[in-house]
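For reference, the structure is listed below as structure tokens.
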Amino acid sequence: MTDRDYMKLALEEAVKGEGYVSPNPMVGAVIVKDGRIIAKGYHHRYGDLHAERDALKNCTENPEGATMYVTLEPCCHQGKQPPCTQAVIESGIRRVVTGSGDPNPLVGGKGIAILKNSGIEVTENVLEEECLKLNEIFFHFIRTGQPFVTMKYAMTMDGKIAAYTGKSKWITGELSRENVQSTRHKYSGIMVGVGTVLADDPMLNCRMEGGKDPTRIICDTNLRTPLNAKIVQTAKEIPTILAVSCDDHEKIEQFENCGCRVLNLPKKNGHVDLQTLMKKLGEIKIDSILLEGGAELNWSALESKIVSKVQTYISPKLLGGSGKSPIGGMGAESPDSAFGLTEPEIYYFGEDIMIESRVRY
């Protein structure tokens, strides 16, 4: 097996921590000695052992002289766990192969330098593209201090997210909806507007077996969310944030007594300032948001330039009529001034397709 083969195995380990390690990165490690895999490990949960220490703990024999494959540059600072570089050096590992560097300024090449200065051979950037993609959320968050936002919507082949009656269940099939639940598990926050709450009274939880519920974020400028809404009534079980611009402190206190966290923010264009909201959410370590908003919130999010990625589920149906489209607002003046999407990837879920693209501002 080659370095690339072993790094693929390390990536398979890393993804096992998806949804549980944020705001830390997903990291996997494989230790190989004399052509034999003697250990695998990964970062299981935020605060637990990092992948390197987990793999060393799992060794079936002495790792002295072995090679460690790790998807991210080993850390060299004291956080919730001690530096991994120290553990690697003390183990007697002879060679370290990394997938990508760590943009965290506390690491940023220092981990590699420490290993090299200790006499360990280091090979860098094996399957770098795959390793970078694995942790696109972490890299965005560590560089900007703000959440990585993915806008998600489902529509028919003629671009409708609901019929003229307002009915939208179900646009897509079961496999698509299952994938949405796994995405909710992966992201640390889910965001909608108050219109969605008033229309659907959703739970906005993760319905995947063993899944983790994201923090629910409701953009509700004038605090119109009903106190008996499901998200309010379950706010003591699932973290819930109301982003408002409201001076009614007695009303705010009622929601806080139900377990909601209320962020009182300035307005922009008559609505909660989404850029300020992103900064506040970043401060409380929400590193990623799945935006499942309606047409107006989707437009506001694009206008505010907070969206990094778009996931468009397309169902082989035609609704016709005056049904809603996924993006509202004023709209672009011409095709030349439209929001550009780039790097499209296509996934299939039964009869549905999902196109995932990056937003180009």
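The values are calculated or read from the model by the stated rules, or taken from the named source; none is laboratory data. The structure presented is a predicted model; accordingly, all values stated were derived computationally and were not measured. Cβ atoms come from the backbone with ideal geometry, glycine included; neighbour counts cover every protein chain shown. With ligands, DNA and RNA removed, areas are computed over all heavy atoms of the protein, side chains included. Shrake-Rupley method; radii C 1.70, N 1.55, O 1.52, S 1.80 Å.
Can you give me the number of residues within the stretch 198-219 that are at pLDDT below 95 and under 24 Å from His249 (Cβ atoms)?
Residues flagged as at pLDDT below 95 and under 24 Å from His249 (Cβ atoms) within the stretch 198-219 amount to 1.
Suppose the filter is assigned to a helix (DSSP H, G or I), at pLDDT below 95, on the phi < 0 side of the Ramachandran plot and surrounded by fewer than 22 Cβ atoms within 10 Å (Cβ to Cβ); does Lys80 pass it? Show your work before the answer.
Values: assigned to a helix (DSSP H, G or I): no; at pLDDT below 95: yes; on the phi < 0 side of the Ramachandran plot: yes; surrounded by fewer than 22 Cβ atoms within 10 Å (Cβ to Cβ): yes.
Answer is no for this residue.
Taking into account only those residues within the stretch 28-39 that are surrounded by fewer than 21 Cβ atoms within 10 Å (Cβ to Cβ) and either in contact with a His (Cβ under 9 Å, 6 or more places away or on another chain) or not β-branched (Val, Ile, Thr) (or both), which is nearest to Ala14 (Cα to Cα)?
Out of the qualifying residues, it is Ala39.
Mind telling me which of the residues Leu281, Leu263 ends up being touching a strand residue (DSSP E or B) at 6+ places or on another chain (Cβ under 6 Å) and not polar (S, T, N, Q)? Please lay out each step first, then the result.
Working: Leu281 fails: touching a strand residue (DSSP E or B) at 6+ places or on another chain (Cβ under 6 Å).
Testing whether each residue is touching a strand residue (DSSP E or B) at 6+ places or on another chain (Cβ under 6 Å) and not polar (S, T, N, Q) leaves just Leu263.
Which one of these does Gly320 not meet: (1) modelled with pLDDT under 95; (2) open to solvent by 30 Å² or more (accessible area, probe 1.4 Å)?
Status for Gly320: all satisfied but (2).
Show the residue pairs meeting these rules: Cβ distance below 6 Å; 6+ apart or different chains; first residue within the stretch 89-103 and among the polar types (S, T, N, Q); second residue assigned to a strand (DSSP E or B) and open to solvent by less than 20 Å² (accessible area, probe 1.4 Å).
From residues that are among the polar types (S, T, N, Q), the pairs are Thr98/Val70; Ser100/Leu72.
Scan Arg53, Arg45, Arg36, Arg95 and give me the residue that is under 23 Å from the mean Cα position of the chain (by Cα) and among the basic types (Lys, Arg). Write out each step before concluding.
Numbers: Arg53 fails: under 23 Å from the mean Cα position of the chain (by Cα); Arg36 fails: under 23 Å from the mean Cα position of the chain (by Cα); Arg95 fails: under 23 Å from the mean Cα position of the chain (by Cα).
Sole residue among the options that is under 23 Å from the mean Cα position of the chain (by Cα) and among the basic types (Lys, Arg): Arg45.
Take the stretch 217-254 and flag every residue that is more than 15 Å from Ala199 (Cβ to Cβ) and β-branched (Val, Ile, Thr).
Once the filter is applied, which keeps residues that are more than 15 Å from Ala199 (Cβ to Cβ) and β-branched (Val, Ile, Thr), the stretch 217-254 yields Ile217, Thr221, Val232, Thr234, Ile238, Thr240, Ile241, Val244, Ile252.
Is one or more of the residues making up the stretch 337-359 over 20 Å from Arg216 (Cα atoms), open to solvent by less than 30 Å² (accessible area, probe 1.4 Å), touching a residue at least 12 places away in the same chain (Cβ under 8 Å) and acidic (Asp, Glu)? Walk me through it before giving the result.
Within the stretch 337-359, the first condition is being over 20 Å from Arg216 (Cα atoms), and the residues that meet it are 337-359.
After this cut, where a residue has to be open to solvent by less than 30 Å² (accessible area, probe 1.4 Å) as well, the list is 340, 352, 354, 356-357, 359.
With the extra rule that they be touching a residue at least 12 places away in the same chain (Cβ under 8 Å), the set shrinks to 340, 352, 354, 356-357, 359.
Keeping just the survivors that are acidic (Asp, Glu) gives 352, 356.
Checked the stretch 337-359: at least one residue is over 20 Å from Arg216 (Cα atoms), open to solvent by less than 30 Å² (accessible area, probe 1.4 Å), touching a residue at least 12 places away in the same chain (Cβ under 8 Å) and acidic (Asp, Glu).
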